[in-house]
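Reading through the structure tokens given below for one structure.
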Amino acid sequence: MAYVISDECVSCGTCESECPVEAISQGEDHYVIDPDTCVDCGTCAGVCPTEAISEG
């Protein structure tokens, strides 16, 4: 199951540059993860300073 980004996201962009498959992009209110592209590696969750990313 793909990772998801909660409303706790502060749009710092740290996760976007760490994603190996470029599944993360800036959304309307915060960053979002494309579930069809995400490979469930968890790299994004490991670098998120606000712990806003979790397994969906």
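Values in this text are rule-based calculations from the coordinates and carry no lab data. This is a predicted model, so every value here is computed, not measured. Here Cβ is always computed from backbone atoms with ideal geometry, including for glycine, and neighbour counts include all displayed protein chains.
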### Derived scalar couplings ³J(HN,Hα) [segment 45-51; Karplus, 6.51 cos²θ - 1.76 cosθ + 1.60; whole Hz; x for Gly, Pro]
5, x, 9, 5, x, 10, 6
### Query
Counting only residues 5 or more places away or on other chains, whose amide H sits under 5 Å from the amide H of Tyr3 once H atoms are built in the peptide plane?
Asp40, Gly56
### Query
From the residues Ile33, Met1, Thr43, which one has its Cα farthest along the dipole of the chain in the positive direction, the dipole being from +1 and -1 charges on Cβ of Lys/Arg and Asp/Glu about the Cα centre?
Thr43
### Query
Counting alpha carbon pairs within less than 8 Å and at least 6 residues apart, what relative contact order, in whole percent, applies to the chain?
51
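Counting each DSSP H run of 4 or more residues in the chain as -39500 (n - 2.57), what helix-only mean residue ellipticity at 222 nm follows after dividing by all residues, to the nearest 500 deg cm²/dmol? It would help to have the intermediate numbers written out before the result.
Working: 2 runs with 10 residues, N = 56.
Using -39500 (n - 2.57) per qualifying helix, the result is -3500 deg cm²/dmol.
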